[in-house]
Number of protein chains: 2
Amino acid sequence: MVNKKDDNQTEKAILEAADKVFTQKGFAAARMEDIANEAGINRALLHYYFRSKDKMFDLIFQQRVAIFFSGLGQIMQSEKRLLEKIQAIVEHEITILLAHPYLPIFVLQELNQNPQRMLAIAENAGAHPSLLLKKFSVEVRAEIKAGTIRETDPAQLFMSIMGMTIYPFVARPVVKIILEKDDAGFENVMRQRKKGITDFIIHALKP
Amino acid sequence: MVNKKDDNQTEKAILEAADKVFTQKGFAAARMEDIANEAGINRALLHYYFRSKDKMFDLIFQQRVAIFFSGLGQIMQSEKRLLEKIQAIVEHEITILLAHPYLPIFVLQELNQNPQRMLAIAENAGAHPSLLLKKFSVEVRAEIKAGTIRETDPAQLFMSIMGMTIYPFVARPVVKIILEKDDAGFENVMRQRKKGITDFIIHALKP
DNA sequence: TATTAGTTTAACAATTTAGTTAAATCAAGT
DNA sequence: ACTTGATTTAACTAAATTGTTAAACTAATA
């Protein structure tokens with residue numbers, strides 16, 4: 001038997017709305033009614049589908065963290081050479097952030113308020129986050145030994161990569177004003193930035 | 001006549017408490033009682049000193065934004081050569097962020113929810129934020145023409161500097177886990193990072 | 001046509017929170 | 001001792017918010 005609005009279309013609409021509202025306002029400032037309005041339904045139906053605000057939030061938050069970190073882990077563990085790997089990271093992250101602009105500030109803000117969530121989710125995912133850097137570090141040291149890049153601390157390099165790619169999205173409203181861009185302009189700058197960051201890092205690592 | 005707890009010590013305690021609570025939880029999640037407890041007083045006295053939550057928040061927020069941007073503007077407008085200027089920016093920002101670790105995520109989160117606040121504060125400060133980049137851009141182009149640095153987009157460079165310095169603080173809980181550091185260890189890494197970032201940028205800019 | 005599941009409406013209870021107030025208390029200075 | 005202003009206590013109001021519920025409605029389906 002098929003629903004009035006066929007299939008699970010409503011559930012999807014709710015999840016999308018919840019994502020939008022939670023992401024833009026954060027958990028504390030998000031109102032169930034905001035989500036209902038955004039989804040084009042009413043509060044009663046919200047609780048009919050998802051029992052409580054907390055349950056909805058946990059769902060959304062896990063999804064968002066997954067999006068934020070998923071691809072990254074795979075690329076970090078891949079067999080590419082270091083510079084190619086860095087390029088892949090940068091392009092992947094910026095592509096994702098262009099599609100989900102408010103993702104990082106949301107995730108990071110909620111993690112800051114509740115840092116143990118990070119560990120819980122990581123455990124759930126099966127791998128400890130510190131593994132993320134292990135292989136990367138080995139590769140960096142190998143390239144240094146081979147003389148292909150100059151002496152560099154892997155952890156510092158990793159933070160630089162992440163900072164250069166993610167920060168502009170976190171500081172989006174400030175960046176837009178300083179650069180005098182609208183949303184379209186901002187996104188253009190970020191697309192150019194894919195190549196810009198990679199070049200920048202390649203030059204910085206030259207022996 | 002002097003107060004029970006002499007002078008304006010209480011007002012100071014309240015402001016410090018409000019700073020701490022607002023900064024860590026954000027406006028929406030911050031409770032007046034949290035602030036009162038943190039200040040070692042009760043809610044009634046809070047309203048006796050500062051009429052409302054909004055008033056308190058506006059006060060704190062303006063102060064925080066000022067700290068976040070103040071020194072930066074002066075350095076950007078100064079007469080240093082480009083590389084020295086970059087070094088000064090990095091050292092200044094990291095020094096401030098070590099003293100106020102939760103400052104950027106707080107400011108950026110609240111700005112994201114309320115972007116027009118940025119313009120209001122900027123107007124209040126008398127200068128449009130876009131001026132921040134003007135002189136810097138001229139200098140970058142001059143150095144490029146002089147052949148002292150390679151072809152570089154000033155805006156992209158600026159975002160890279162800010163990203164490398166500020167992002168680790170925004171992502172502090174994640175960084176701590178990935179690097180397996182406690183607070184002291186994290187701060188050590190950030191102190192080392194002052195020189196690390198500057199070196200990184202200098203190499204990246206070499207013709 | 002009767003059934004069924006999704007949906008709306010509207011009212012409700014319970015809780016949390018901001019903000020107010022009056023009275024009591026306390027710690028100084030005069 | 002008296003006064004004064006800061007502070008606490010404790011109660012309160014008003015509003016917002018989450019969550020629940022019963023009844024009505026609707027659209028597809030059997």
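Could you pull out the residue among A:Leu82, A:Leu15 that is among the aliphatic types (A, V, I, L, M) and either crowded, with 20+ Cβ neighbours inside 10 Å or more than 16 Å from DNA strand D (Cβ to nearest atom) (or both)?
A:Leu82
Going by the structure shown, is B:Asp183 closer than 23 Å to B:Gln109 by Cβ and at pLDDT 95 or above?
yes
Return the only residue of B:Tyr167, B:Tyr102 being in contact with a helix residue (DSSP H, G or I) (Cβ under 6 Å, 6 or more places away or on another chain) and at pLDDT below 95.
Details: B:Tyr167 fails: at pLDDT below 95.
Among B:Tyr167, B:Tyr102, only B:Tyr102 is in contact with a helix residue (DSSP H, G or I) (Cβ under 6 Å, 6 or more places away or on another chain) and at pLDDT below 95.
Of the residues that sit in the stretch B:35-48 and are more than 8 Å from DNA strand C (Cβ to nearest atom) and crowded, with 17+ Cβ neighbours inside 10 Å, which one is farthest from the other protein chains (Cβ to nearest Cβ)?
In this case the residue turns out to be B:Ile41.
Does A:Pro168 satisfy the criteria of being facing chain B (nearest Cβ under 7 Å) and either under 22 Å from B:Val189 (Cβ atoms) or free of Cβ contacts under 8 Å to residues at least 12 places away in the same chain (or both)?
no
Are any of the residues in the stretch A:146-162 in the same structural domain as A:Lys85 (by TED's automatic domain parsing), outside any helix (DSSP H, G or I) and small (Gly, Ala, Ser)?
Yes, the stretch A:146-162 contains at least one residue that is in the same structural domain as A:Lys85 (by TED's automatic domain parsing), outside any helix (DSSP H, G or I) and small (Gly, Ala, Ser).
Which residues, counting only those in the stretch B:70-79, are open to solvent by 50 Å² or more (accessible area, probe 1.4 Å) and either among the hydroxyl-bearing types (Ser, Thr, Tyr) or in a helix (DSSP H, G or I) (or both)?
Scanning the stretch B:70-79 gives B:Ser70, B:Gln74, B:Gln77.
Inside the stretch A:171-190, can you point out the residues that are more than 9 Å from every other protein chain (Cβ to nearest Cβ) and part of a helix (DSSP H, G or I)?
A:Asp183, A:Ala184, A:Gly185, A:Phe186, A:Glu187, A:Asn188, A:Met190
Exactly one condition in (1) within 14 Å of chain B (Cβ to nearest Cβ); (2) open to solvent by less than 60 Å² (accessible area, probe 1.4 Å) is not met by A:Lys25; state its number.
For A:Lys25, the failing item is (2).
Here is a list: A:Glu151, A:Glu91. Which entry is within 17 Å of the chain's Cα centre (by Cα) and more than 16 Å from B:Ile177 (Cβ to Cβ)?
From the options A:Glu151, A:Glu91, the qualifying one is A:Glu91.
Right, B:Glu110: assigned to a helix (DSSP H, G or I) and surrounded by fewer than 17 Cβ atoms within 10 Å (Cβ to Cβ) or not?
No.
The values are calculated or read from the model by the stated rules, or taken from the named source; none is laboratory data. Note that this is a predicted model, so its numbers are computed, not measured. Note that we place each Cβ from the backbone using ideal geometry, even for glycine, and neighbour counts take in every protein chain shown. The area values use the complete protein model at the heavy-atom level, side chains included, leaving out ligands, DNA and RNA. Shrake-Rupley method; radii C 1.70, N 1.55, O 1.52, S 1.80 Å.
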